[in-house]
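Below is one structure, written out as structure tokens, with a few remarks after it.
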Amino acid sequence: MSFRHRVMAAVTLTVAVGIAAVCSVAYAETRASVLSSVDQSLLHSARANSGASDHENFVAGTSFQLVLANGQVYPPSSFALPLAVMSVAHQHAPRAFATVASKGSIFRILAVALPIGSEIRCPQEECVTTADAAQLFTVEITGQITELKHLKLRLGVIALIAIVMAGFLALLVSRSALRPLTRVTDDIEGVAQSGDVSYRLSELGHDELGRLRRTFNSLLTSVDDSQQMQRQLVLDASHELRTPLTSLRTNAQMLPYLSRMSADEVEQLSADMTAQVNELATLITDLGELARGERSEGDIEDIAVDDLLGELVTTARTHARTKHITIELESSPVTVPARADRLARAISNLLSNAVKFSPEGGSIRVHLSPEQLVIEDSGPGISVEERGRVFDRFWRSPSARSLPGSGLGLAIVEQVVREIHGRIIVGESQELGGAAFTLKFPSTGGHAT
């Protein structure tokens, strides 16, 4: 069933239920009003019989009988007595109303209890009861019941006509109301068929359809940006791979001439090829890490950042000894929800970056608090003009282009920080004079343990 048909069915069903409820209430109220009027007439007759000296106050068409507790009726009744009447005759209830049918006619009866010794008005004189009994007042309501049946039939016909009209109106309304949605659907199908994510829907209106258009446009913008980033990543990766591959091919072409080279030249060639292979391996690893994006695999768990930082600083000190660089660590117990491997990679990249740019015999200071992680170095620092680009993919400052690296390390750091909903800030170290990277933990995530 299409959405339009579901809307029609829902509207028609709602109207049908409403009409049925209204007709049912109208019939019930009318029937209750008719029976209430008849019951009031019977009560009036009962009061007249008990208190009047003659029958002038009797309601026209009302007759009365006497019902004894043993079931005898005076004068005899033409219909079977309901249990409610016998219950009144046995003095179990003061009075009771009932509706009975006899020989094609319908009667409404009122039974009033008469204890022993009750005085009642008889046709000729006053009578005194000598046993428990009930006085029965009867009025024929065949005409009223017939009219109620006709009313029920008329209400049913009216309800049926109203439901048919509601279905027709629901068809017209659904066509009119869903026409804008149909146009939006056609536009979306057109985008799906053409693959043109640069197309944008008209965002006129502030209703639900306008919101749908804006949401879909936002989705198209995200897809377009993602595709552009993928294309740019491929272009940048191909450019970065070209240099080490060219150098590696050049060195490989020298392999047939090894016999003509000196031992030092062979050793230099081997070292160059090893460095180029390592550079390619690092670049490919960084590209794989970067391609994982913010939806990386693995479970998010509470990471003890102080323990993780201690292990990473120990590893960084091993590399720093070759340049006689000292690394000072000051940390507090901190727990952050993250993926362990991703957070370790981000912190490791920041430490490796500090070691790379610190001079011989330099210093690195690492400070961990519940709010942030700060890594400072004594290198040349980062100029204000370059700070806005340090997290761009494959970007390296002019002073760093001669150093090994893929230009992806800080881009991976920013990606991981976004993943844990934190912030990364680059600035200048006031004490060491070099760069200072501050990783701000999320306010709802990082906490002291």
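The values are calculated or read from the model by the stated rules, or taken from the named source; none is laboratory data. Being a predicted model, the structure only gives us computed values, none of them experimental. Cβ sites come from the backbone with ideal geometry, for glycine too, and all protein chains shown count toward neighbours.
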Subject >> Candidate set: the stretch 60-119, residues that are assigned to a helix (DSSP H, G or I) and of a type outside the set (Gly, Ala, Ser); chosen: the one surrounded by the most Cβ atoms within 10 Å (Cβ to Cβ) >> reply: Val88
Subject >> Qualifying residue in the stretch 76-92 (condition: on the phi > 0 side of the Ramachandran plot, modelled with pLDDT of 80 or more and in the same structural domain as Glu140 (by TED's automatic domain parsing)) >> reply: yes
Original post:
Looking only at residues in the stretch 101-121 that are of a type in the set (Lys, Arg) and modelled with pLDDT of 80 or more, which one is nearest to Ala133 (Cα to Cα)?
Top reply: Arg108
Original post:
Within the stretch 339-348, is even one residue in contact with a Phe, Trp or Tyr (Cβ under 9 Å, 6 or more places away or on another chain) and closer than 11 Å to Leu309 by Cα?
Top reply: no
Original post:
Do you know which of the residues in the stretch 306-327 that are without any contact (Cβ under 8 Å) to a residue 60 or more places away in the chain and among the acidic types (Asp, Glu) is nearest to Gly434 (Cα to Cα)?
Top reply: Glu311
**OP:** Look through the stretch 134-186, keep the residues that are in contact with a strand residue (DSSP E or B) (Cβ under 6 Å, 6 or more places away or on another chain) and assigned to a helix (DSSP H, G or I), and return whichever of them is nearest to Ser118 (Cα to Cα).
**Re:** Thr142
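From the set of residues in the stretch 302-338 that are polar (S, T, N, Q) and part of a strand (DSSP E or B), which is farthest from Gly361 (Cα to Cα)?
Among those that are polar (S, T, N, Q) and part of a strand (DSSP E or B), it is Thr335.
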Original post:
Can you tell me which residue in the stretch 328-383 is nearest to Leu408 (Cα to Cα), limited to those that are among the polar types (S, T, N, Q) and without any contact (Cβ under 8 Å) to a residue 40 or more places away in the chain?
Top reply: Ser348
Subject >> Single condition Leu204 does not satisfy, out of (1) modelled with pLDDT of 85 or more; (2) loosely packed, with under 11 Cβ neighbours inside 10 Å; (3) hydrophobic (A, V, I, L, M, F, W, C) >> reply: (1)
**OP:** For residues that are acidic (Asp, Glu) and touching a helix residue (DSSP H, G or I) at 6+ places or on another chain (Cβ under 9 Å), scanning just the stretch 181-201, find the one that is surrounded by the fewest Cβ atoms within 10 Å (Cβ to Cβ).
**Re:** Asp196
